[in-house]
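All remarks here apply to the structure that follows.
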Amino acid sequence: MSRKPIIAGNWKMNLLQSESKALFEGIKSFVSNYSATQLPTVVIAPVFTSLNQVSAIACDCGCEGTRLSVAGQNCHWESSGAYTGEISVEMLKDAGCSYVIIGHSERRQYFSESDEMINKKAKAILAGGLIPIICCGESLEQRESGVTDSWIASQIRAALAGISSEDVAKSVIAYEPIWAIGTGKSCDSEEANRVIKMIRGVVSEVAGSQAADSIRILYGGSVKPSTIEEQMSKSDIDGALIGGASLKAESFNEIIEKTMKVAV
Ligand code: 13P
């Protein structure tokens with residue numbers, strides 16, 4: 001089964017509106033050289049205040065938005081109400097998003113997001129017609145104590161609980177070992193591929209083999225232009241979720257270009 005790769009940029013809490021616009025324009029001018037079928041699925045997750053601006057440019061690229069997709073970095077599971085500081089799936093959709101990142105380790109760590117909350121968010125995103133990018137990953141301490149696989153399997157089982165096989169099939173998972181995020185030290189690509197295969201096995205158990213074949217599972221953690229070709233050449237790595245290297249058009253575009261060489 002061939003799965004279309006995804007290259008996703010998570011801008012985290014960076015870039016003002018003018019800076020987001022300039023960076024997005026830089027990516028747009030690169031992807032405009034290619035047809036949507038030549039490209040991986042390219043997804044950008046800016047801060048909420050830049051969503052409208054970036055979505056307007058995405059729709060303006062003469063490609064019905066298919067070359068560049070926009071993502072929220074988080075959402076609430078309720079559709080509206082007294083949840084100060086939160087944003088709903090419908091609001092993200094209204095601002096041009098088609099994907100939403102959930103369960104990022106920074107949200108789990110700094111905002112105490114639980115597996116149960118992530119499961120509710122995944123269900124709300126799918127019910128709203130958007131695609132969740134569900135993050136999972138182990139800490140260095142967990143890796144060193146040998147619980148990586150069981151920890152990640154439990155994160156995935158919890159995130160996907162009660163979701164239909166059809167919805168699981170269209171979802172995206174990002175394996176991001178916490179110790180590899182922002183450290184410059186990417187996980188060895190063989191090992192990342194092994195963990196991702198293990199995740200696919202868990203998906204198969206909970207949603208069946210068709211969903212496991214279809215779901216796209218990304219690697220994240222210090223992905224750079226110099227690492228992407230090897231990562232994308234692995235059997236089960238379907239793309240990358242990129243932080244630091246997505247903040248410069250030059251490095252992000254180079255990652256897209258190298259992905260096209262190896263995997264699209
Ligand atoms: P870095 O690419 O900066 O390591 O960040 C990875 C990440 O957390 C993407 O969500």
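Residues in the range 219-234 that are open to solvent by less than 20 Å² (accessible area, probe 1.4 Å) and not polar (S, T, N, Q): 219, 220, 221, 223, 228, 232.
Here 16, 23, 51 are screened, and the one residue that is within 16 Å of the ligand (Cβ to nearest atom), over 16 Å from residue 133 (Cα atoms) and modelled with pLDDT of 95 or more is 23.
Output yes when any residue across the range 200-217 is closer than 30 Å to residue 33 by Cβ, open to solvent by 10 Å² or more (accessible area, probe 1.4 Å), free of Cβ contacts under 8 Å to residues at least 60 places away in the same chain and not aliphatic (A, V, I, L, M), and no when none is. Let's see the steps before the verdict.
Narrowing the range 200-217 to residues closer than 30 Å to residue 33 by Cβ: 214-217.
This time we only want the ones that are open to solvent by 10 Å² or more (accessible area, probe 1.4 Å), so: 214, 216.
Going one step further and asking which of them are free of Cβ contacts under 8 Å to residues at least 60 places away in the same chain, we end up with none.
Among the residues of the range 200-217, not one is closer than 30 Å to residue 33 by Cβ, open to solvent by 10 Å² or more (accessible area, probe 1.4 Å), free of Cβ contacts under 8 Å to residues at least 60 places away in the same chain and not aliphatic (A, V, I, L, M), which makes the answer no.
Limited to the range 211-228, what total is found for residues that are touching a helix residue (DSSP H, G or I) at 6+ places or on another chain (Cβ under 7 Å) and within 16 Å of the ligand (Cβ to nearest atom)? Break it down into steps so the answer makes sense when it comes.
Looking only at the range 211-228, we keep the residues that are touching a helix residue (DSSP H, G or I) at 6+ places or on another chain (Cβ under 7 Å), and these are 211-212, 214-215, 217, 219, 221-225, 228.
Checking the rest, the ones that are also within 16 Å of the ligand (Cβ to nearest atom) come to 217, 219, 221-225, 228.
Final tally of qualifying residues: 8.
Among the residues making up the range 229-247, none is of a type in the set (A, V, I, L, M) and away from the ligand (no atom under 16 Å from the Cβ).
Condition check: touching a strand residue (DSSP E or B) at 6+ places or on another chain (Cβ under 8 Å) and open to solvent by 30 Å² or more (accessible area, probe 1.4 Å). Does residue 170 satisfy that? In short, yes.
Looking at 118, 87, which is the one that is under 23 Å from residue 247 (Cβ atoms), in contact with a strand residue (DSSP E or B) (Cβ under 9 Å, 6 or more places away or on another chain) and among the hydrophobic types (A, V, I, L, M, F, W, C)? After applying the criteria, what remains is 87.
Does residue 137 count as out of contact with any helix residue (DSSP H, G or I) (no Cβ under 6 Å at 6 or more places or on another chain) and either of a type outside the set (S, T, N, Q) or within 21 Å of residue 245 (Cα to Cα) (or both)? Taking the combined requirement at face value, the residue does not satisfy it.
Note on the range 235-264: residues that are of a type outside the set (A, V, I, L, M, F, W, C), open to solvent by less than 40 Å² (accessible area, probe 1.4 Å) and not in a helix (DSSP H, G or I) total 4. Inside the range 210-234, residues that are in a loop (DSSP other than H, G, I, E, B) and farther than 12 Å from residue 172 by Cβ make up a count of 6. Within the range 26-46, being within 16 Å of the ligand (Cβ to nearest atom) and open to solvent by 50 Å² or more (accessible area, probe 1.4 Å) holds for no residue.
Going through (1) aliphatic (A, V, I, L, M); (2) more than 15 Å from the chain's Cα centre (by Cα); (3) closer than 25 Å to residue 115 by Cβ; (4) open to solvent by 20 Å² or more (accessible area, probe 1.4 Å) one by one, residue 195 falls short only on (4).
Taking first residues from the range 236-249 that are on the phi > 0 side of the Ramachandran plot and partners that are within 12 Å of the ligand (Cβ to nearest atom) and acidic (Asp, Glu), no Cβ contact under 7 Å between residues at least 6 apart in sequence or on separate chains turns up.
Within the range 142-161, the residues that satisfy the criterion of being touching a helix residue (DSSP H, G or I) at 6+ places or on another chain (Cβ under 7 Å) and small (Gly, Ala, Ser) are 153, 158, 159, 161.
The values are calculated or read from the model by the stated rules, or taken from the named source; none is laboratory data. Values in this document were obtained by computation on a predicted structure and should not be read as measured data. Note that each Cβ is placed from the backbone with ideal geometry, even for glycine, and that neighbours are counted across all protein chains shown. The accessibility values were calculated without ligands, DNA or RNA, using every heavy atom of the protein model including side chains. Shrake-Rupley method; radii C 1.70, N 1.55, O 1.52, S 1.80 Å.
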